[in-house]
Amino acid sequence: MRAVLLTLSVILELAASLIYFVSIIRGRTKPHRITRLVLMFILVLSFVGIVSAKGNLGVTLYSGISAVFGIGCFLLSLKRGMGGSDTFDWICFTIAMGGVVGWRLTGNPVLGVWLASLADSVAYLPTYLKTWRHPNTESPWLYILSSMGGLLSLSAYKLASVSIFQINIILTCVLMLICIYHKNLSRSQRQRA
């Protein structure tokens, strides 16, 4: 059963990545540059760490796909993205990169996962703000499919301290979906009242 859950998780992540790339290329999605820069660092370092640790095939493939996605999104964001020039963006970048550096310097793998998750969370702050202001600049499909993939991946194993990785992905996706749909939700509430 675990293999099925992990395979479905990887398929959903591949589909989410492909849909997001196409959406950026078509000009529908405008990723936040600082968020994508930090995430690229995190995903590439994760992949290198997993390969160095001789991780199993499933996790190596998943992290490799994620690293390619991270690099691609950052490169596309340079021309087709938004943000990256105000003070808030650079404060978030500095804090997130501090988490990344702490993650790589620690000898404790569990602490490393937590620091990487912290860096990921802080890196998303500019994207939450951008998306709240401009909900049509993000594709909901990335977050719908990634949250489903995260849930499948999370359910494949017992909860542990390193489950924060999947939990963080799921929470990020839920927050992004709220940012994308908040105007529609408030409109429908006003219509009911």
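Among the candidates ILE19, ILE65, ILE34, ILE24, single out the residue that is over 19 Å from THR137 (Cβ atoms), surrounded by 14 or more Cβ atoms within 10 Å (Cβ to Cβ) and not aromatic (Phe, Trp, Tyr).
ILE65
Among the residues of segment 83-116, how many are of a type in the set (Asp, Glu) and surrounded by 13 or more Cβ atoms within 10 Å (Cβ to Cβ)?
1
Are any of the residues in segment 170-181 at pLDDT 95 or above, in contact with a strand residue (DSSP E or B) (Cβ under 7 Å, 6 or more places away or on another chain), farther than 22 Å from LEU61 by Cα and not polar (S, T, N, Q)?
Taking every residue of segment 170-181 in turn, none turns out to be at pLDDT 95 or above, in contact with a strand residue (DSSP E or B) (Cβ under 7 Å, 6 or more places away or on another chain), farther than 22 Å from LEU61 by Cα and not polar (S, T, N, Q).
Take ASN184 and tell me if it is at pLDDT 80 or above and surrounded by fewer than 18 Cβ atoms within 10 Å (Cβ to Cβ).
Yes, satisfied.
Within segment 82-90, does at least one residue satisfy the condition of being assigned to a helix (DSSP H, G or I), modelled with pLDDT of 85 or more and within 14 Å of the chain's Cα centre (by Cα)?
Looking for residues that are assigned to a helix (DSSP H, G or I), modelled with pLDDT of 85 or more and within 14 Å of the chain's Cα centre (by Cα), one finds none in segment 82-90, hence no.
Considering only residues that are under 16 Å from VAL113 (Cα atoms), at pLDDT 80 or above and in contact with a Leu (Cβ under 9 Å, 6 or more places away or on another chain), which ones fall in segment 41-66?
SER66
Just to check your reading of the model, which residue among THR35, THR29 is modelled with pLDDT of 90 or more, on the phi < 0 side of the Ramachandran plot and not in a helix (DSSP H, G or I)?
When all the criteria are applied, what remains is THR29.
Return the pairs, sorted by first residue and then second, in which the second residue is of a type in the set (Ser, Thr, Tyr), the first residue lies in segment 81-105 and is under 30 Å from VAL22 (Cβ atoms), the beta carbons are less than 7 Å apart, and the residues are 6+ apart or on different chains.
From segment 81-105, the pairs are MET82/THR137.
For segment 111-139, give me the residue count where each residue is of a type in the set (Lys, Arg) and in contact with a Ser or Thr (Cβ under 8 Å, 6 or more places away or on another chain).
Adding up the residues that qualify gives 1.
The values are calculated or read from the model by the stated rules, or taken from the named source; none is laboratory data. Predicted model only: the values in this text are computed from it and were never measured. Note that each Cβ is placed from the backbone with ideal geometry, even for glycine, and that neighbours are counted across all protein chains shown.
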